[in-house]
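Working notes, structure below.
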Amino acid sequence: MSSSFRIDAGIIYTPADLFTVDVGGGALDVSLGTSIGATDYFSDISASGTSSVRNTIEDHLNDVAAGFTVTEVNGRYEIDNPVSFAIEFPNDSIREFLGFSSALYPGGFGAPVVSDVRSPAVFIGSRPAYATPGFRWYTRRSGVTHTHGRSHLLSSRELFDLSLRITADELDDWRLMADYMLRGHPFRFMQLEDGADPSGFETSAVSATVPNGCVDCHLDPSVMALGDEWLSAPLLDEMALTIRVLKVT
Amino acid sequence: MSLAAVTQLQGSLFCRETFTIQVIDDPGPGQQTSNLVVSAGDSFRSVNEFLRAWEAQILSDISVAYSMTVIRAGADKGKLRITSGGEDMTISWSFSGDATEATRWYGHLGDTTDVHAGVSSPFTLPNPHLAGFYPALGAQSARRASTGVRRGHGVRLGSSVTQLTLGSWTQHDTMMDDQGDVPIDVRLALDTRTDWSELFEFRAFVDDVFNGMGEPFSVIHLPESDLSADAFTGFFQASPIEIMAERVQEGWNDYLTLSFAMDGTEVAEV
């Protein structure tokens, strides 16, 4: 079993999610483009993927000026360039998503700039968590065999129950993550530590041979609220919750 | 008597168009021939029931006891094995009748070729049959949850005791014309010590039931140290059908259970 877990929520880019970069020749816009489809979400939030948020920002910064590097460690983004630069965020949503509390003015030192806080779209829990799979088949009854409802299959989905434990110290961060979930953002649940992956976790999807893999999912439409349950002694500062999610396909 | 519980899940078979399967025992001079006619409208509760009917037809035609079984474990899990009385055999799935329907059937049963000429015994079909699930562990339970009895078709309320009205209740209503529901609770145990393949095999089973010949399906459960199996044929009770794996306390990833309810009937084991 894993000793900790990580959840990365996806981001929706809109044309407003741009920021301006000044490398000494006047401010230039950097637009992230748009990401709408659910599978696009996951290429954008994958810590190891070439289309991750980190990589996307790095690419767009380098469209403006060469030399930018963007790294992400434990949900904190670091932007660096040997040339002095300044970044402003006209739209707060992208700034908050990246964990910066204000615009960036390194002052020409070329020093890396690290997120002030962990991205609210990244939650790293210190307690065990696991995913238990299941399936749902949507059917239509034909009713031709008396009360025995012979059914026809309409579609099927893969479900998971995510069983999490959260400490009181983590509650604030959890609330931020729950906010993304309840707004309908897909998210990636990672349950097995793997130091070889940039995310620090196993990023192969759960399958027959990878029972502790990651799950790309969103809340089941029936989930209208996320409630946690405080544990009893000796775990008085911990809470547990189970979340029903649908795998994104 | 089996020491360990054994559970099999099999989809039903339904024939749309008549076709004939021919088996030639010991092809050549003096060969004997058996023809199994599968007629439009014929249905079998399970693959096992179909195999028993096929065995009986061969025994009746040529007086040779063929054995037809589904392999329940190992690399050939889910494949049909046909054992003759010792001679070679020729199998023609679409010997006569509707070839399209014959193709649908032999595809469902795990074959890819219409004719197998002069094959030796035992002969194993190349693929597992569709809509079959053969877990390594027997189910924790497969049993009647309760029994309900419905009023028969056309019975007039109060007609024999207290005539309340002269109104008629004899309009045909299928909800009233039934032998009664038998809710059956099934709790499967999955051996996931090696990997979770059994979990996804179960999903494939349900998909195959619907995408193949359709409901109903059968649960054949031989309890531990019992002499005979319980067999149930029926339909998934819920709609949508939602089946979540459940972890067993301290079983980690190695032991999962699956529970579902079906409406059906208890039938004789085949």
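From the phi angles alone, apply the Karplus equation (6.51, -1.76, 1.60; θ = phi - 60°) to the stretch A:229-234 and give each ³J(HN,Hα) in whole Hz, x where the residue is Gly or Pro.
In residue order, the calculated couplings are 10, 6, 7, 8, 4, x Hz.
List the pair-distance distribution P(r) of chain B, using every Cα-Cα distance, as the percent of pairs falling in each 10 Å bin from 0 up to the bin containing the longest distance, rounded to whole percents.
The percentages, shortest bin first, are 6, 25, 29, 21, 12, 5, 1, 0.
Along the charge dipole of the protein assembly as shown, Cβ charges K/R +1 and D/E -1, which of A:PRO82, B:SER259, B:THR233 sits furthest on the positive end?
B:THR233
How many percent of all Cα-Cα pairs in the stretch B:16-109 sit more than 17 Å apart?
The share of Cα pairs beyond 17 Å in the stretch B:16-109 comes to 51 percent.
Can you give me the long-range amide H partners of B:ALA145? Hydrogens built in the peptide plane at 1.01 Å from N, cutoff under 5 Å, separation of 5 or more residues or another chain.
B:ILE184, B:ASP185
Can you pull the mean other chain C-beta count within 10 Å for peptide A:151-160?
On the way: counts 10, 3, 9, 3, 1, 6, 2, 2, 4, 2.
The per-residue average across the peptide is 4.
Sort A:CYS217, B:CYS15 by Cβ crowding within 10 Å, fewest neighbours at the top.
In order of increasing Cβ crowding within 10 Å: B:CYS15, A:CYS217.
Once you've got the GNM for chain B with C-alpha springs shorter than 10 Å, pick whichever of B:GLN237, B:GLN249, B:GLN22 has the biggest mean-square fluctuation.
Top of the fluctuation ranking is B:GLN249.
Once you mark the GluC sites (Glu not before Pro) that are in a DSSP loop and have at most 12 other Cβ atoms within 10 Å, what is the longest gap between them in chain B?
Segment B:1-223 is the longest.
Check B:ASP98: other-chain or 5+ apart residues with amide H under 5 Å from its amide H, H built from backbone geometry?
Amide H neighbours of B:ASP98: B:THR18, B:PHE19, B:THR20.
Provide the descending list of Cα extents for the stretch B:193-257 along its principal axes, expressed in whole angstroms.
Over the stretch B:193-257, Cα extents along the principal axes are 37, 34, 21 Å.
Subtract the Cα-Cα distance of A:SER163 and A:ALA16 from 0.36 nm times their separation in residues, and report this length gain in nm to one decimal.
Length difference between fully extended and current span is 49.3 nm.
Averaging over every viewing direction, what projected area does the convex hull of the Cα atoms of the stretch A:132-228 cover, in nm²? Show your work: numbers first, answer last.
On the way: hull surface 36.0 nm².
About 9.0 nm², averaged over all directions.
What would the Debye equation give as log₁₀ I(q)/I(0) for the protein assembly as shown at q = 0.06, 0.11, 0.12 Å⁻¹, counting only Cα atoms as equal point scatterers?
-0.45, -1.00, -1.09
What does the highest-first list of A:159-169, B:120-130, B:29-39 look like by mean Cβ count within 10 Å?
Values: A:159-169: 18.3, B:120-130: 16.5, B:29-39: 14.5.
So the order, starting with the most tightly packed, is A:159-169, B:120-130, B:29-39.
Each reported figure results from applying straightforward, stated rules to the coordinates on display, with no laboratory input. A quick note: this is a predicted structure, and the numbers were derived from the prediction, not measured. Neighbour counts are summed over all protein chains in view; Cβ atoms, including those assigned to glycine, are modelled from backbone coordinates with ideal geometry.
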